Amino acid sequence: MKTVVIGSGSWGTALAQVLEDNQRDVILYGIEKSEVDDINLHHKNSKYFEDVSINPSLKATMDINVVKEADVVLLAVPTIAIESICQQIDLLLTKKTIIVNVSKGFHPTTNERMSQVIRRCISADHLSSVVSLIGPSHAEEVIIRLLTTIDAVSLNEEDAIVVQQLFSNHYLRIYTGSDEVGSELGVAIKNVMAIASGILSGLGYQDNTRAALITRGLQEMIRYGMAFGGQQQTFMGLTGIGDLIVTCTSVHSRNFSAGYQIGKENTVENFLKNNKKTVEGVRTAKIVHNVSKANGIDMPICEEVYQILYEGKEPKTCANDLMLRELKREF
Ligand SMILES: NC(=O)C1=CN([C@@H]2O[C@H](COP(=O)(O)OP(=O)(O)OC[C@H]3O[C@@H](n4cnc5c(N)ncnc54)[C@H](OP(=O)(O)O)[C@@H]3O)[C@@H](O)[C@H]2O)C=CC1
Ligand SMILES: O=C(CO)COP(=O)(O)O
């Protein structure tokens, strides 16, 4: 079974190495010559992993035609690039292919989940199914083979099992799941919560506050997810509380780090001016704001993050406003 991993960034490189470690037939496609050369010539991807050595058998290419022979194509690009990469590869695919999504967020203008974008852009003749490989997993840890568990979520159980078998090994354990809506909404919205968690840390709040944020943030994720047909149980799993914990508590998280800077400076200004990293929660905050308003879903934490990112509200004021909302029962 031939797999092409598209995107030679942090997550694409780490997942391609998993397949190479598993002695699968895999090639990594990238658009950035320096990253591709670094992998092929130095067995490193220094831009993302400094001096970590990667499996020397892993090969990268800048030739997109490699997808022509693929049985599985894994898309490891930011959400904003998913539509264009799907349109590009649909012209090249020659058979029904399993498309693996690992991106966490929504289409920037249609608000679709990633599997919806993929199904819209890849023609039925070329698509076996979409499998989302998602859960608590920082690339920085997977690249050095630290123990990690994630889900292969698909409406097609057979293909979810194919992906589970392909990627599982002694340091990466894959579970399967079928709640596409709940899982994709969970991993998208947790990025907004991670920004909030970083903001609170930057403001100087500590363990009590973070526990409150994670617990009440999970309630918001459940409320939003169930409004669109997600199952409550899913939010208790790897794509819910699992991914929420890892991103709200880790310095590896770009969403947490972005929030930390914003909280520390008590303003979003410098972050918006200088950020070059993939911080998916920024766009997600806007989409969650629009969709929750349109559907009457109460998302107070997400709303304050939106106010900070898009309306210039001061982080300190947001934290105070959240605390002084009308008192109510927990459940
Ligand atoms: N990093 C992680 O730990 C995890 C990330 N994810 C998710 O995975 C997705 C990708 O993130 P991540 O790998 O971290 O991002 P990175 O920013 O590390 O890498 C993204 C890569 O995609 C490349 N790229 C952008 N557009 C295209 C395109 N049209 N065709 C081919 N390559 C393209 C970028 O190239 P260039 O550098 O030239 O822009 C870059 O190499 C995100 O949605 C993220 O939420 C999920 C779990 C873990
Ligand atoms: O999704 C992730 C971990 O599960 C990666 O988080 P960041 O995008 O915040 O780095």
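The values are calculated or read from the model by the stated rules, or taken from the named source; none is laboratory data. Remember, predicted model here, so these are calculated numbers, not experimental data. Cβ coordinates were reconstructed from backbone atoms using ideal geometry, including for glycine residues, and neighbour counts include every protein chain displayed. What goes into the accessible areas is simple: the full protein's heavy atoms, side chains included, and nothing from ligands, DNA or RNA. Shrake-Rupley method; radii C 1.70, N 1.55, O 1.52, S 1.80 Å.
Which of the residues spanning the stretch 266-281 are assigned to a helix (DSSP H, G or I) and in contact with a helix residue (DSSP H, G or I) (Cβ under 6 Å, 6 or more places away or on another chain)?
Hits for the stretch 266-281 are PHE271, GLU280, GLY281.
Do the conditions hold for SER292, that is, is it over 17 Å from the mean Cα position of the chain (by Cα), part of a helix (DSSP H, G or I) and not assigned by TED's automatic domain parsing to the domain that holds GLU141?
Judged against the criteria, SER292 is a match.
Taking the stretch 67-88 only, how many residues are open to solvent by 10 Å² or more (accessible area, probe 1.4 Å) and within 15 Å of ligand 2 (Cβ to nearest atom)?
Residues meeting the conditions: 5.
Would you confirm whether any residue within the stretch 302-317 is within 16 Å of ligand 1 (Cβ to nearest atom), under 22 Å from ASP179 (Cβ atoms) and either outside any helix (DSSP H, G or I) or at pLDDT 95 or above (or both)?
no
Let's see how each residue does on (1) more than 16 Å from ligand 1 (Cβ to nearest atom); (2) open to solvent by 40 Å² or more (accessible area, probe 1.4 Å); (3) in contact (Cβ under 8 Å) with a residue 12 or more places away in the chain; (4) β-branched (Val, Ile, Thr):
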residue: SER128; (1), (2), (3), (4): yes, yes, yes, no
residue: ALA139; (1), (2), (3), (4): no, no, yes, no
residue: ARG145; (1), (2), (3), (4): no, yes, yes, no
residue: ILE189; (1), (2), (3), (4): no, no, yes, yes
residue: GLN206; (1), (2), (3), (4): yes, yes, no, no
residue: ARG216; (1), (2), (3), (4): yes, yes, yes, no
residue: PHE228; (1), (2), (3), (4): yes, yes, yes, no
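Which ones in the stretch 32-44 are in contact (Cβ under 8 Å) with a residue 24 or more places away in the chain and out of contact with any strand residue (DSSP E or B) (no Cβ under 9 Å at 6 or more places or on another chain)?
Listed by number, the residues that qualify are GLU32, LYS33.
Go through ILE39, ILE134 for me and flag whichever is open to solvent by less than 10 Å² (accessible area, probe 1.4 Å), more than 28 Å from GLU184 (Cβ to Cβ) and either within 15 Å of ligand 1 (Cβ to nearest atom) or more than 21 Å from the chain's Cα centre (by Cα) (or both).
Every option except ILE39 fails the conditions.
With the requirement that a residue be aromatic (Phe, Trp, Tyr) and buried (at least 16 other Cβ atoms within 10 Å of the Cβ), what does the stretch 147-178 give you?
Matches in the stretch 147-178: PHE167, TYR175.
Please work out which one of (1) over 24 Å from ILE134 (Cα atoms); (2) of a type outside the set (A, V, I, L, M, F, W, C); (3) open to solvent by 70 Å² or more (accessible area, probe 1.4 Å) is the condition TYR48 fails and give its number.
So the condition that TYR48 fails would be (1).
What about GLY237, is it closer than 17 Å to VAL153 by Cβ, open to solvent by less than 40 Å² (accessible area, probe 1.4 Å) and either over 16 Å from the mean Cα position of the chain (by Cα) or within 13 Å of ligand 2 (Cβ to nearest atom) (or both)?
no
All but one of (1) out of contact with any Ser or Thr (no Cβ under 9 Å at 6 or more places or on another chain); (2) part of a helix (DSSP H, G or I); (3) open to solvent by 20 Å² or more (accessible area, probe 1.4 Å) hold for VAL181; state the number of the condition that does not hold.
Of (1) out of contact with any Ser or Thr (no Cβ under 9 Å at 6 or more places or on another chain); (2) part of a helix (DSSP H, G or I); (3) open to solvent by 20 Å² or more (accessible area, probe 1.4 Å), only one is false for VAL181: (1).
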